[in-house]
1. Scan (1) surrounded by fewer than 19 Cβ atoms within 10 Å (Cβ to Cβ); (2) within 14 Å of another protein chain (Cβ to nearest Cβ); (3) in contact (Cβ under 8 Å) with a residue 12 or more places away in the chain; (4) assigned to a loop (DSSP other than H, G, I, E, B) for the single condition A:Gln153 breaks and write down its number.
2. Whether any residue in region C:116-125 is buried (at least 22 other Cβ atoms within 10 Å of the Cβ) and assigned by TED's automatic domain parsing to the domain that holds C:Leu233 is what I want to check.
3. Restricted to region A:177-206, and to residues that are touching a Lys or Arg at 6+ places or on another chain (Cβ under 7 Å) and of a type in the set (Val, Ile, Thr), which residue is farthest from the other protein chains (Cβ to nearest Cβ)?
4. Restricting the first residue to region C:259-275 and requiring it to be free of Cβ contacts under 8 Å to residues at least 12 places away in the same chain and more than 28 Å from B:Asn101 (Cα to Cα), which pairs with a second residue that is surrounded by 15 or more Cβ atoms within 10 Å (Cβ to Cβ) and not charged (D, E, K, R) meet a Cβ separation below 9 Å and a spacing of at least six or different chains?
5. Which one of B:Lys63, B:Lys25, B:Lys21, B:Lys5 is more than 16 Å from B:Val220 (Cα to Cα), touching a Gly at 6+ places or on another chain (Cβ under 8 Å) and surrounded by fewer than 20 Cβ atoms within 10 Å (Cβ to Cβ)?
6. Does A:Phe83 satisfy the condition of being touching a strand residue (DSSP E or B) at 6+ places or on another chain (Cβ under 7 Å) and not assigned by TED's automatic domain parsing to the domain that holds A:Tyr66?
7. Could you tell me whether any residue of region A:164-180 is on the phi < 0 side of the Ramachandran plot, touching a strand residue (DSSP E or B) at 6+ places or on another chain (Cβ under 7 Å) and in contact (Cβ under 8 Å) with a residue 12 or more places away in the chain?
8. Within region A:152-188, restricting attention to residues that are among the basic types (Lys, Arg) and within 26 Å of B:Leu170 (Cα to Cα), which residue is modelled with the lowest pLDDT?
Amino acid sequence: MTMSGEHKVKVENLTKYFDDLHVLDDVSFNIRKGEFLCVVGPTGCGKTTFLNLLTRIYMPTRGQLYIDGEPADPKKHNLSVVFQEPSAMPWLTVDKNLRFGMEIKNLPKEEIERRIENMIGLLGLEQFRERYPHQLSASTAQRIIIGRAFAMQPDLLLMDEPYGQMDIKLRFYLEDEVIRLWKEMGTTVVFITHNIEEAVYLAERILILTNKPARIREEVTVDLPRPRDVSDPEFIKIRNHVTEQIKWW
Amino acid sequence: MDKKKQVILSLRNISHSFIVKNEVKAAVSDVSLDVYDNEFLVVLGPGHSGKTVLMNVIAGIEKLVEGKIYLRGEEIHGSNRSIGMVFQSLNLMPWRTVMQNVEFGLELAGLDKKQRRLIAQKHIDLVRLSGFESAYPHELSGGMKQRVGIARAYANNPEILIMDEPFGALDAQTRYAMEEEVLRIWKEEKRTVIFVTNNIEEAVYLADRIVLLSNCPARVKHIYDLSSLGRPRNMMDPEFLRIRTEISQNTDLAL
Amino acid sequence: MEKGMSGKHAIQLSQAEIREQRLNLLYKILPILSVLLLIGLWLYASRGYNPKVGSGFPTPAAVWDRTVRLFTAPVKKRSLIMHALVSLRRIGIALAFDWTFGIVFGIIIGWYAKPRAFFSPMFDAFRAVPPLAWIPLITLWFGIGEFPKILIVIFGSLASIVVNVKAGLSTVDRMYLDVGTVFNASPMQTLIKIAIPSSLDAIFAGVRTSTSAAWMVVLAAEMLGADAGVGFLISRGMDSIDMPLVLTGMIAIGIVGAILAILTQLVERLICPWTRKSK
């Protein structure tokens, strides 16, 4: 167990009621700096509310969230979110889209240029720089959003099922890419997904939530070397275990 | 083990094009295929590969322009009572209750109310929606709406049932549950099923055979026979994963 | 920071939630403020009112008095309510015709291409003529009895329903038609079981707009020669320089119009429960 000084994010007793609806119940956990954490749970267990609490769109009924030891504050701390629907601005080119967040935060020009060059290289989007999102496929548009989020170098990057309905081949490609980006930028990532294979493929640690009111059922450490092999017996063992924990059907 | 397999549907040299923005775009290119009686055939292809167009041609929604379709040896044109469809985007009529939606085909065929209700009820029970007969579609969840679509198609008693990416809009876990449901229903009411999807795992889980289509324009790339994988299938079984990887490597990437 | 427990659970709200609550409160207060402002303006505008000479703008109190007097000393032997009923009767008959003929006609030209091509130019021309422009012609033809008034209302409200029904029937969602194709529906079955039900919301839009159009037109028709009806009250007031009467009439018109709108909305919700947005 690492010392609390090394924890980037601390969540303590997070509880949320919407009037009488008890959505989250006493959720506590820590995230190390640069860790890749996956959150899984049965459908409708409150994962989106969980995400909204982490981004401070909602305030918890009880409990607190700390970033770098201080209470989380959207003005001070830098939080990025990637959603399932591609949210690229249709009126901006790929290049401008990637710059967008950083320009809003008023980062120095040379820094923005440096990060953009780096990100375009990592994503392999050199030839698409001046294209508009509607000229690209949905998956490429989504990759731009992810690139934009990473380029912000946020304190915490939240991803809510960004690869929702894509087929396996595409997914594996995108998952490899997000790991590449993560390794390169050292960002602390919380990745929410329904897809257990995806969670086991990506995560260093998996948080398993219960049904509403959501609690942490279990934390599973995934200690497999990368790149991971989905047919490896160890991989399958972990996947089986996590599936058992949330199977409701 | 090798039962005499009868061909129920035969596609020969089907091609189809569209005019998009003054350009002729080919969606389906020279597809020939045999479908066996009572098999669960999965048509697998990357997104926008033209699979839906192919299905629409078979079901009669799109006009058959090039190629021929034979049902039990006889040539068919346009829609046919023997071919039913579960649509990708639900297409449930929002002004009808679940019961009224399920009995739609029967109503068109002219059955009297008593008969219709009986048959429709049987199928509502089959898809495990008993109790929701008077609900409207907007009151149902995604998975439940799909089940109504399946009940509606089955109630019309087609010999061949086309399911066009019915679970595309559902989340992973509901999808797994629905895949098990579809197999259960297929076992109980054996029909020929042509199931269309872009999800390789789903295809390997469900299919007797998989027809792999290329990117647009759709061509048959390969046909996989999965009879070596028994049922029920386990998605984490090594053989399952091996086949999945093999198919995945053969699939065109729609990046 | 945890607040002290009060009630079931401590409710602490984020900035965003607090702002939203305040906005909701504001949205409730603003309409009330505007009404109060209006009444204030009215009081201000009517400060020079002299009932004897009839100059200036009537005060709210004067209007109220006049309204009350209408009940005790009816104009042309009818109370306010009875005048309103007369107007309503006129639009009732007109709308009954509108909705039967208009819906059938709208279905025909919406669904079938040949009738649409044949009738459209004629109908569009008819639509372009404002209802009030028909008044002189109809008055010359038929005089100023009940029938011409009802005819004017029909001319003024028929277009709304036809246009809406036509729009509904000509834009039936391809999805539902595909279902009909796969299930082998005959053309008549497609029209009756798919096209018309899917257009119910457009048909009701037509019902709503034709109702409000009818209400507006009937008043114009009444003002130009009638001896009963709310429009008549207004013209009577104008003739006898009875401003409070004019205002009474106007307020009554507004209230009835609002009631009609609410009623039609309620009926739509009852008949088409699926158009309610589900969450």
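1. Answer for A:Gln153: the failing condition is (2).
2. No, every residue in region C:116-125 fails to be buried (at least 22 other Cβ atoms within 10 Å of the Cβ) and assigned by TED's automatic domain parsing to the domain that holds C:Leu233.
3. In this case the residue turns out to be A:Thr188.
4. Close Cβ pairs (under 9 Å, with a partner that is surrounded by 15 or more Cβ atoms within 10 Å (Cβ to Cβ) and not charged (D, E, K, R)) amount to C:Leu263/C:Thr211.
5. Working: B:Lys25 fails: touching a Gly at 6+ places or on another chain (Cβ under 8 Å); B:Lys21 fails: touching a Gly at 6+ places or on another chain (Cβ under 8 Å); B:Lys5 fails: touching a Gly at 6+ places or on another chain (Cβ under 8 Å).
Sole residue among the options that is more than 16 Å from B:Val220 (Cα to Cα), touching a Gly at 6+ places or on another chain (Cβ under 8 Å) and surrounded by fewer than 20 Cβ atoms within 10 Å (Cβ to Cβ): B:Lys63.
6. When the stated conditions are applied, A:Phe83 passes them.
7. For region A:164-180, residues on the phi < 0 side of the Ramachandran plot, touching a strand residue (DSSP E or B) at 6+ places or on another chain (Cβ under 7 Å) and in contact (Cβ under 8 Å) with a residue 12 or more places away in the chain: absent.
8. A:Lys169
The values are calculated or read from the model by the stated rules, or taken from the named source; none is laboratory data. The shown structure was predicted, so the numbers you read here are calculated from the model rather than taken from an experiment. When we count neighbours, we look across all protein chains shown, and the Cβ atoms used for this are built from the backbone with ideal geometry, even at glycine.
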